[in-house]
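All remarks here apply to the structure that follows.
The values are calculated or read from the model by the stated rules, or taken from the named source; none is laboratory data. Just so it is clear, the model here is predicted, and its values are computed rather than measured. Cβ placement follows ideal geometry from the backbone for every residue including glycine, while neighbour counts extend to all protein chains displayed.
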Amino acid sequence: MKIERYQIEEHNSKLAQSHQRKFEFLTQDIQGTEDIVQKLMKFQIAIPSWALGTGGTRFGRFSGGGEPRSLEEKMGDIGLLHQLNQSSGAISLHIPWDIPQNIQDIKALAAQYGLRFDAMNSNTFQDQPGQEQSYKFGSMQHVDKAVRKQAVDHNIEVIKQGVALGSDSLTVWLADGSSFPGQLNFRRAFENTLESLQEIYAALPEDWKVFVEYKAFEPNFYSTTVGDWGQSLLYANKLGPKAYTLVDLGHHLPNANIEQIVSLLLMEGKLGGFHFNDSKYGDDDLTAGSVKPYQLFLIFNELVAGMDAKGMDHASGLGWMIDASHNVKDPLEDLLQSVEAIMMAYAQALLVDKQGLEEARLQNDVVRCQEILQNAFRTDVRPLVAEARLRANAALNPVGLFRELQVREKLIGERGYKTVATGL
Ligand code: LRH
Ligand code: MN
Ligand code: MN
């Protein structure tokens, strides 16, 4: 399945007039739209290889059909997304859910689709067939050195694969923790984990980063060894300058102020990147911006402010990744929606009157502060995001074109109805 250039052009020409009207209306009202469009065009969000199939819950999984059966087909799917929005030019692999066999062929395919390899993810939270040691009681925290060594060796292997593919970062998420009080010596678990991470850190190439992802609970329900941003930051600080904290939006306890966490991590130079998704309860992995779009905007507001203060390039300063899963939507449509929501939050954050906000803060004018933020948030920035796509030869309405071209039906035709993509 390939989308032809003329199909995008035909689609865009049908929508051109209406888009133009909305875009011009917005530019009359708002200053600096050209700069925003340019920034949006540069912004790329990595797609996780594990989000291309239908996700399940522990109660069941309902496949929609036509799912990618190999890494090559996953890259094909992301290639389609990227053609539709020109903002999904990167893939994040999860090893061993992905098994990059012929590296040269995989690299050639990536080049053909215009994809870069974003952070590599290791997996020491599941036992693989034939594996010697079990991760049932943790991996890097484990009381048995042999288990810890197996986890470290796996991560070093993932780095090697990443180097061959041209990636430059490793994300470590650990399920380590305990499910009952008394099960774990917290201090020993921390020390073991730190020692394991140090061994991995020592194997990082010069220009690589390691992201330490935290999560409050699940699969362990009493304690998690990298349970929050404080613990992650402790590890990252002890490891050294190549180690950073990774924020997955679904990994906090309810009502956590994620925008404040982001702001302080960025201030400390320790924010590595994101796993974008949304949630109502826990690690729901829902479409970015589907439940709490205002929170997403507030996070981007801190990001833009913090990155500007440090003179960082918005597009390449941090690892921008989606980590979502979909059990009732078409995964590709869902990812298009997530990317759109992230771009909108970014565009809204770029609209914030920063000088006005600082002045209002200095005067303790709380009402004005809220007005300024909400003026930006309540602006319909969709024409700006669409304009960025139009200029990049992407579709004005990606989900619309996906449906017009019957992409899913064609994928089912090619791959069959009963397909299971590897992943969660
Ligand atoms: C854990 C997590 C982590 C994993 C991914 C599959 O909940 O967010 O990033 O690698 O899900
Ligand atoms: Mn994650
Ligand atoms: Mn998660």
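For the reader, a short list of remarks on this structure follows.
- Scanning the stretch 128-183 for residues that are in contact with a Gly (Cβ under 8 Å, 6 or more places away or on another chain), assigned to a loop (DSSP other than H, G, I, E, B) and more than 19 Å from Thr245 (Cα to Cα) yields a count of 1.
- Residue count, the stretch 257-279 (criterion: more than 24 Å from Gly311 (Cβ to Cβ) and free of Cβ contacts under 8 Å to residues at least 24 places away in the same chain): 1
- Test for Ala315: is it buried (at least 24 other Cβ atoms within 10 Å of the Cβ) and among the aliphatic types (A, V, I, L, M): no
- Positions within the stretch 253-312 being touching a helix residue (DSSP H, G or I) at 6+ places or on another chain (Cβ under 6 Å) and among the basic types (Lys, Arg), in sequence order: Lys270
- Listed by first and then second residue, the pairs linking a residue in the stretch 110-126 that is on the phi < 0 side of the Ramachandran plot to a residue that is in a helix (DSSP H, G or I) and of a type in the set (S, T, N, Q), with Cβ atoms under 7 Å apart and 6 or more places separating them unless they lie on different chains, are Met120/Gln161; Ser122/Asn155.
- One residue from Asp248, Asp285 being in contact with a Ser or Thr (Cβ under 7 Å, 6 or more places away or on another chain) and under 21 Å from Asn123 (Cβ atoms): Asp285
- Of all residues in the stretch 373-421 being in contact with an Asp or Glu (Cβ under 7 Å, 6 or more places away or on another chain), surrounded by fewer than 20 Cβ atoms within 10 Å (Cβ to Cβ) and not in a helix (DSSP H, G or I), the one that is modelled with the lowest pLDDT: Val420
- Count of the stretch 205-258 residues which are more than 15 Å from ligand 3 (Cβ to nearest atom), small (Gly, Ala, Ser) and within 15 Å of Leu194 (Cβ to Cβ): 4
- Residue in the stretch 322-330 that is of a type in the set (A, V, I, L, M, F, W, C), in a helix (DSSP H, G or I) and away from ligand 1 (no atom under 16 Å from the Cβ) present: no
- Condition met for Leu52 (more than 22 Å from Ala341 (Cβ to Cβ) and surrounded by 18 or more Cβ atoms within 10 Å (Cβ to Cβ)): no
- Taken over the stretch 5-55, the criterion of being of a type outside the set (Phe, Trp, Tyr) and touching a Pro at 6+ places or on another chain (Cβ under 7 Å) is satisfied by His19, Lys22, Leu26, Ala51, Leu52, Gly53, Thr54.
- Residue selected from the stretch 329-340 under the condition out of contact with any strand residue (DSSP E or B) (no Cβ under 8 Å at 6 or more places or on another chain) and aliphatic (A, V, I, L, M), by the criterion surrounded by the most Cβ atoms within 10 Å (Cβ to Cβ): Leu332
- Residue that is nearest to Gly89 (Cα to Cα) [pool: residues in the stretch 25-34 that are assigned to a helix (DSSP H, G or I) and touching a residue at least 24 places away in the same chain (Cβ under 8 Å)]: Thr33
- From the list Asp278, Asp353, Asp330, the one residue that fits, being within 16 Å of ligand 3 (Cβ to nearest atom) and not aromatic (Phe, Trp, Tyr), is Asp278.
- Phe211, sole failed condition from (1) buried (at least 17 other Cβ atoms within 10 Å of the Cβ); (2) among the hydrophobic types (A, V, I, L, M, F, W, C); (3) farther than 24 Å from Trp229 by Cβ: (3)
- Top-ranked residue of the stretch 67-85 - restricted to ones that are in a loop (DSSP other than H, G, I, E, B) and either of a type in the set (D, E, K, R) or in contact with a helix residue (DSSP H, G or I) (Cβ under 6 Å, 6 or more places away or on another chain) (or both), ranked as nearest to Asp330 (Cα to Cα): Glu67
- Within the set Thr27, Thr57, the sole residue that is among the β-branched types (Val, Ile, Thr) and surrounded by fewer than 13 Cβ atoms within 10 Å (Cβ to Cβ) turns out to be Thr57.
- Asn192, sole failed condition from (1) more than 13 Å from ligand 1 (Cβ to nearest atom); (2) surrounded by 17 or more Cβ atoms within 10 Å (Cβ to Cβ); (3) closer than 22 Å to Ser92 by Cα: (3)
- The residue that is nearest to ligand 3 (Cβ to nearest atom), among those in the stretch 283-303 that are farther than 20 Å from Val212 by Cβ and surrounded by fewer than 20 Cβ atoms within 10 Å (Cβ to Cβ), is Asp284.
- Unique match (being charged (D, E, K, R) and touching a residue at least 24 places away in the same chain (Cβ under 8 Å)) among Glu157, Glu132: Glu157
- Near pairs, Cβ below 6 angstrom, 6+ apart or cross-chain, from the stretch 65-87 (farther than 21 Å from Leu396 by Cβ) to any residue that is at pLDDT 95 or above and acidic (Asp, Glu): Pro68/Asp77; Leu71/Asp98
- Any pair with Cβ under 6 angstrom, 6 or more apart, that starts in the stretch 161-187 at a residue that is farther than 29 Å from Trp208 by Cβ and ends at one that is within 16 Å of ligand 3 (Cβ to nearest atom): Ser178/Asn220; Ser179/Asn220; Ser179/Phe221
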